[in-house]
Amino acid sequence: MAFKHNVRQYRGLGPFTVVFFAWLYLPIAVVIFYSFNENRLVSVWSGFSLKWYAEALSNRNLMNAVQTSLSVAAIATICATGIALMAALVLVRGRNVKYRRVSETIVNLPLLLPEIVLSVAVLILFSQVGLANGFLKLVIGHTTFCTPFAFLPIRARLQGMDSDFEDASADLYANRWTTFRRVTLPLIAPGVFAGAMLAFVISMDDFITSNMLNSGGSTTLPVYIFGLIRQGTTPELNAISTLIILVSLIVAALALFIQARGATTNTH
Amino acid sequence: MKDFRFWGLLPAHLLMMCTLIVPILIIIAVSVSTRGAYGGFEFEFSTDAYRQILFNEGWSGEMEFNPQYLFIIARTAVLAGLATLICMVLAFPVAYWITLQSAQMRTLLLFMVTLPFWVSMIVRVYAWLIILGNDGVIESALRATGLVEDMDTLLFNNGAMLVGMVYSYIPLMILPVYASIEKLDRALIEASHDLYGSRMTTLRRVILPLCWPGLGAGAILVFVPCLGTVLEPILLGGGKIMMMGNLIQMQFGGARNWPFGAAIAITLMCLVMGVLIVNGLRAMRQAQLKAESI
């Protein structure tokens with residue numbers, strides 16, 4: 001493709017993009033590279049070693065934090081996806097829904113506010129109600145900000161799908177529940193899955209709210225890592241980070257794969 | 001089952017009402033309350049918290065103007081604005097180049113843009129900590145080449161926070177900008193060329209104006225989270241250079257001044273709401289202009 005003949009082409013764009021991607025991936029590469037460093041000082045290379053992985057995997061506090069994060073994320077994801085699915089069905093499929101726009105804004109409210117404000121809101125709420133259970137606080141807080149992330153993909157999927165199938169099902173005397181279970185749900189499953197996945201990742205990743213609600217016994221993974229970082233950078237942190245990166249990449253690839261499959265089944 | 005319209009929305013509304021709308025009203029109430037003797041607050045009307053943003057109480061009780069918190073607010077707005085601007089400048093050429101590639105390549109490149117976004121935020125900020133830090137990657141590299149013997153830390157300044165913010169939020173800019181360039185009618189670019197517009201003129205007069213909606217959408221997506229960012233100022237700014245996010249967090253943590261924290265949180269919320277409202281009005285006016293021109 002000669003530069004002269006393609007007027008949409010601009011000089012230097014290619015190299016610029018290459019540099020950009022290098023910059024985007026450099027930090028991740030650096031973290032992974034130094035996780036194999038044998039030295040106690042992160043960036044003073046003294047030899048290859050896997051000892052920091054062994055250390056990380058045998059760290060009891062770390063494993064507790066992972067467990068807390070996973071449980072909070074799992075419960076919050078189920079709650080948020082259920083709530084979002086019901087809301088999306090009403091807001092997209094419902095006829096003559098009053099105040100549709102307002103309702104939609106309310107469901108998406110957590111996206112419109114800075115998270116630090118949300119975290120202050122739930123902190124003050126729990127202090128007023130007198131809820132002391134750290135785990136329950138985390139689950140409620142996470143459910144709130146995960147709901148719009150679950151809602152948006154489900155809504156998109158519902159909007160992109162004709163209601164013909166549902167109408168046909170109703171014509172064949174299926175009641176609403178049967179129609180939902182046998183027709184709607186299988187059709188929007190990729191959207192529901194994408195929403196749940198997004199909610200799960202957002203919950204696992206959350207620092208601001210979890211840190212604000214942090215109380216004994218229920219420290220999530222990001223809050224635990226934050227505590228370690230404050231004590232100084234160590235190769236063990238790099239090892240932990242590398243494991244997190246690995247899991248994130250697997251989850252992302254899986255999500256993309258399922259989304260791509262959903263897209264192809266949709267076009268048939 | 002008849003009124004699924006009501007029962008279906010109930011959980012979502014109940015959740016947002018209980019955990020968000022009512023608590024925000026409580027925050028407003030707390031921001032005009034008195035600070036409790038042992039932290040927390042007491043419901044007793046006072047505007048001390050808001051006054052504290054502007055004034056400092058001297059030892060004999062006189063109020064003197066103290067702009068330190070105004071500086072923090074201004075720094076937050078300026079840094080968020082700069083981060084947004086840098087994201088725009090970086091994202092546009094990259095997004096443009098991606099649109100020129102084959103369909104398969106485009107999918108792959110967009111996936112690569114979003115991939116770091118899936119990696120935990122704290123890990124991404126930590127990465128910059130070891131790159132910029134004392135004995136960090138950059139410093140070691142410069143020392144190894146013998147260019148410098150001793151250098152000041154690259155961390156704990158506005159630049160470090162800016163790098164962290166741009167790095168954290170740039171995918172949110174690339175995606176809408178890409179979408180707007182993708183939608184662009186190629187015939188318009190060719191028409192401009194046929195009318196002897198140079199590439200630069202075409203960029204300035206045709207491509208950029210048509211991509212403003214995408215850039216605007218990206219700007220909102222980047223600017224709003226940057227205003228409330230917490231991790232970058234704490235870790236890359238060292239907690240000494242404050243932004244509104246970590247100022248609020250401090251008031252509910254160590255400093256234990258809830259009314260003041262609530263007042264700053266309300267200020268931040270108003271800032272964000274202001275941005276969103278201005279943006280909404282602009283979008284409405286544009287839609288109106290479009291409707292009129294047809």
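The table below lists the values:
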{"item": "Whichever residue in region B:1-33 is without any contact (Cβ under 8 Å) to a residue 24 or more places away in the chain and not in a helix (DSSP H, G or I) and, among such residues, is nearest to B:GLY261 (Cα to Cα)", "result": "B:ASP3"}
{"item": "Of residues in region A:82-106 being over 17 Å from A:SER203 (Cβ atoms) and at the interface with chain B (Cβ under 7 Å from one of its Cβ atoms), the one modelled with the lowest pLDDT", "result": "A:VAL97"}
{"item": "Residues satisfying the stated conditions in region A:202-218, i.e. touching a residue at least 60 places away in the same chain (Cβ under 8 Å) and within 25 Å of A:TYR34 (Cβ to Cβ)", "result": "A:MET204"}
{"item": "Listing of helices (runs of 4 or more DSSP H) fully contained in region B:111-229 that carry 1 or more residues being over 25 Å from the mean Cα position of the chain (by Cα) and over 23 Å from A:MET204 (Cα atoms)", "result": "B:137-144, B:158-183, B:186-194, B:199-202"}
{"item": "Residue in region B:243-259 that is modelled with pLDDT of 85 or more, within 14 Å of B:ALA80 (Cβ to Cβ) and in a loop (DSSP other than H, G, I, E, B) present", "result": "yes"}
{"item": "Enumeration of residues in region A:46-66 that are part of a loop (DSSP other than H, G, I, E, B) and over 24 Å from A:PHE226 (Cβ atoms)", "result": "A:SER46, A:GLY47, A:SER49, A:LEU50"}
{"item": "Within region B:230-249, tally of residues that are over 18 Å from the mean Cα position of the chain (by Cα) and more than 13 Å from every other protein chain (Cβ to nearest Cβ)", "result": "1"}
{"item": "Residue check for B:ALA91: in contact with a Leu (Cβ under 9 Å, 6 or more places away or on another chain) and either away from chain A (no Cβ under 11 Å) or not in a helix (DSSP H, G or I) (or both)", "result": "no"}
{"item": "Single condition B:ILE98 does not satisfy, out of (1) within 14 Å of chain A (Cβ to nearest Cβ); (2) surrounded by 20 or more Cβ atoms within 10 Å (Cβ to Cβ); (3) within 23 Å of the chain's Cα centre (by Cα)", "result": "(3)"}
{"item": "Breaking point among (1) under 29 Å from A:ARG40 (Cα atoms); (2) within 11 Å of another protein chain (Cβ to nearest Cβ); (3) buried (at least 22 other Cβ atoms within 10 Å of the Cβ), for B:ASN134", "result": "(3)"}
{"item": "Residue list for region B:190-219, filter: surrounded by 19 or more Cβ atoms within 10 Å (Cβ to Cβ), under 30 Å from B:PHE117 (Cβ atoms) and within 11 Å of chain A (Cβ to nearest Cβ)", "result": "B:ILE207"}
{"item": "Any hit, region B:62-79, residues being surrounded by 13 or more Cβ atoms within 10 Å (Cβ to Cβ), at pLDDT below 90 and in a helix (DSSP H, G or I)", "result": "yes"}
{"item": "Verdict on B:LEU154 being more than 9 Å from chain A (Cβ to nearest Cβ) and surrounded by fewer than 20 Cβ atoms within 10 Å (Cβ to Cβ)", "result": "yes"}
{"item": "Residue pairs meeting the criteria (Cβ under 6 Å; at least 6 apart or on separate chains; first in contact (Cβ under 8 Å) with a residue 12 or more places away in the chain, in region A:171-200; second basic (Lys, Arg))", "result": "A:ILE188/A:ARG157; A:GLY191/A:ARG157"}
{"item": "Leading residue by the ranking (nearest to the chain's Cα centre (by Cα)) among those in region A:88-118 that are under 17 Å from B:MET273 (Cα atoms) and among the polar types (S, T, N, Q)", "result": "A:ASN108"}
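The values are calculated or read from the model by the stated rules, or taken from the named source; none is laboratory data. In this text the structure is predicted, and so the values were computed from the model without any measurement. Positions of Cβ are backbone-derived with ideal geometry, glycine not excepted, and every protein chain shown enters the neighbour counts.
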